[in-house]
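The values are calculated or read from the model by the stated rules, or taken from the named source; none is laboratory data. A quick note: this is a predicted structure, and the numbers were derived from the prediction, not measured. Neighbour counts are summed over all protein chains in view; Cβ atoms, including those assigned to glycine, are modelled from backbone coordinates with ideal geometry. Remember, those area values only see protein heavy atoms, side chains included, never the ligands or the DNA or RNA. Shrake-Rupley method; radii C 1.70, N 1.55, O 1.52, S 1.80 Å.
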Amino acid sequence: MANVSIRNVYKAYGKVEVVHGLDLEIAHNEFVVLVGPSGCGKSTMLRMIAGLETITAGEIHIGDRLVNNVEPKNRNIAMVFQNYALYPHMTVFKNISFGLRAAKLPKEQIEAKVLEAAHILGLEDLLLRKPAELSGGQRQRVSMGRAIVRDPQVFLFDEPLSNLDAMLRHQMRTEIKLLHQKVQTTIIYVTHDQIEAMTLADRIVIMRDGYIQQVGKPSELYHQPRNTFVAGFIGSPKMNMVPCEARSVDGALHLALDDDLLMPVPNPGGRSVREGQRVIMGIRPEDVVMVNGEAPAPDRWVREARISVVEPLGSESLLALELGAHGFTGKCAGRIEPAAGSTAQFAFNLEHIHLFDQESEQAL
């Protein structure tokens with residue numbers, strides 16, 4: 001079994017603490033993605049698991065073994081780096097087999113392992129080429145092949161797609177997902193790209209300033225963010241968030257975005273919001289939809305807004321909206337083609353709003 005346990009782990013450089021008491025349990029064969037902005041501690045955490053960084057306090061277990069003082073080469077892990085780390089003078093075959101040859105495995109066993117990895121990654125026709133003759137995506141597959149042949153307990157990926165263009169990143173995400181299905185082992189993957197995290201992970205770990213903000217399945221983080229940071233980080237385009245105040249109007253609880261913009265609070269009994277409380281209302285762009293001749297559903301809050309910018313994406317368009325003193329991002333079907341500077345009616349799906357306390361920024 002290749003579960004990974006991170007128990008109350010700290011990392012400090014001198015007096016500067018960069019990882020603060022992290023606790024995380026990763027199950028065998030789970031695909032876990034550590035995601036967050038630059039400097040949040042995700043790569044440091046990965047390097048501590050790999051043994052490339054010493055931990056200041058706490059414990060890291062791989063399987064049933066404490067690895068705090070185990071050398072990287074003895075941890076039975078394989079790491080795939082951002083910059084490929086290939087030997088330019090060696091062929092693809094020799095790059096993939098380098099670790100096996102260093103371990104002095106029999107020639108027949110080395111060849112069998114390399115050919116199996118090449119088959120999994122579609123590299124059979126490239127084994128005699130050198131890295132300079134390969135595309136970025138092919139080089140990354142070679143780097144992954146070198147990891148596969150080691151048959152590790154855990155794969156560690158450190159932002160492996162950040163050097164690739166958008167089309168290759170999409171292709172490689174698919175290949176990494178397929179790789180996980182084929183090799184059936186634990187993967188811990190670091191990225192700053194929330195789209196990579198959402199599309200690849202069984203579970204996502206969102207980090208900020210050396211702390212874990214939330215751990216969960218992609219759908220859970222998207223639909224049930226624990227705080228404003230998670231709500232703003234997950235989702236593209238990001239969630240609209242507006243500070244407002246809870247007010248009672250004719251006996252019903254409303255959110256006062258402005259004095260003349262009062263949004264009803266759906267299911268107030270199921271939310272811990274009180275009159276006079278200052279909150280942040282969040283709503284995702286797909287829940288702010290342009291009304292185009294069709295009557296909106298009764299649970300929609302409909303208001304006229306000015307369209308300041310239109311971003312056509314083909315099947316749909318993103319719309320930058322001005323509603324009172326607030327800016328929103330909304331959407332419309334791609335065939336509608338509204339004009340910048342025009343006004344239109346927009347329906348806000350009240351069942352999908354999120355409420356956060358302004359002071360603590362925690363979900364209500």
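Computed quantities for the displayed model
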item	result
Among (1) assigned to a loop (DSSP other than H, G, I, E, B); (2) open to solvent by less than 40 Å² (accessible area, probe 1.4 Å), the one test that Ala147 misses	(1)
Any hit, segment 274-284, residues being open to solvent by less than 80 Å² (accessible area, probe 1.4 Å), polar (S, T, N, Q) and over 23 Å from Pro225 (Cα atoms)	no
Entirely in segment 31-115, the strands (runs of 3 or more DSSP E) that have 2 or more residues that are in contact with a Pro (Cβ under 8 Å, 6 or more places away or on another chain) and in contact (Cβ under 8 Å) with a residue 12 or more places away in the chain	77-80
Residues located in segment 205-227, provided they are open to solvent by 20 Å² or more (accessible area, probe 1.4 Å) and either in a strand (DSSP E or B) or closer than 26 Å to Leu321 by Cα (or both)	Arg208, Tyr211, Ile212, Gln213, Val215, Tyr222, His223, Gln224
Residue match in segment 119-129 (condition: within 27 Å of Leu34 (Cβ to Cβ) and without any contact (Cβ under 8 Å) to a residue 40 or more places away in the chain)	no
In segment 319-328, the residues that are open to solvent by less than 60 Å² (accessible area, probe 1.4 Å) and closer than 14 Å to Ala344 by Cβ	Leu319, Ala320, Leu321, Leu323, Phe328
Test result for Val114, under 30 Å from Gly232 (Cα atoms) and in contact with a helix residue (DSSP H, G or I) (Cβ under 9 Å, 6 or more places away or on another chain)	no
Filter result (under 30 Å from the mean Cα position of the chain (by Cα), more than 17 Å from Val302 (Cβ to Cβ) and open to solvent by less than 30 Å² (accessible area, probe 1.4 Å)) within segment 243-272	Cys244
Which listed residue, of Glu25, Glu17, is farther than 15 Å from Ser5 by Cβ, of a type in the set (D, E, K, R) and open to solvent by 30 Å² or more (accessible area, probe 1.4 Å)	Glu17
